[in-house]
1. I need the strands (runs of 3 or more DSSP E) fully contained in region 27-137, keeping only those with at least 3 residues that are modelled with pLDDT of 85 or more, over 21 Å from residue 3 (Cβ atoms) and under 12 Å from the mean Cα position of the chain (by Cα).
2. Can you find, within region 1-13, the residue that is surrounded by the most Cβ atoms within 10 Å (Cβ to Cβ) among those that are modelled with pLDDT of 55 or more and part of a loop (DSSP other than H, G, I, E, B)?
3. Only one of 113, 91, 103 is closer than 20 Å to residue 27 by Cα and touching a residue at least 24 places away in the same chain (Cβ under 8 Å). Can you tell me which?
């Protein structure tokens, strides 16, 4: 199984509001996971977990073999990303989820250490299995 491609878009600083804690955590980050024909891809949208935060949001809970090429768009605020990444980077998480969520966590830790440094991840999951993360402008 080869790793998917993960493209991440963070709004440029000039588009974001002035940097207050409130506006930073409301920043919306888009991640697009692209799976090729030999990758595991998400099942139908019926397999989802609903995160019951201030603004409820959905996330697929399992990924399995499927179509020849698939993409999933994740569009969450930093608060939602934090909640999501806390639960999708542990050893019992499906490998196909960890492939995209661990590199996403590591990337966000670099950009927003005050928000994401408290989140642990499965360090036994080899970096050679991570999705290739490409920042988009």
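1. Because the criterion is at least 3 residues that are modelled with pLDDT of 85 or more, over 21 Å from residue 3 (Cβ atoms) and under 12 Å from the mean Cα position of the chain (by Cα), the strands (runs of 3 or more DSSP E) in region 27-137 that meet it are 70-77.
2. Only one residue fits best here, namely 4.
3. 103
The values are calculated or read from the model by the stated rules, or taken from the named source; none is laboratory data. Source: prediction; values computed, not measured. As a convention, Cβ positions derive from the backbone with ideal geometry for all residues, glycine included, and neighbour counts pool all protein chains shown.
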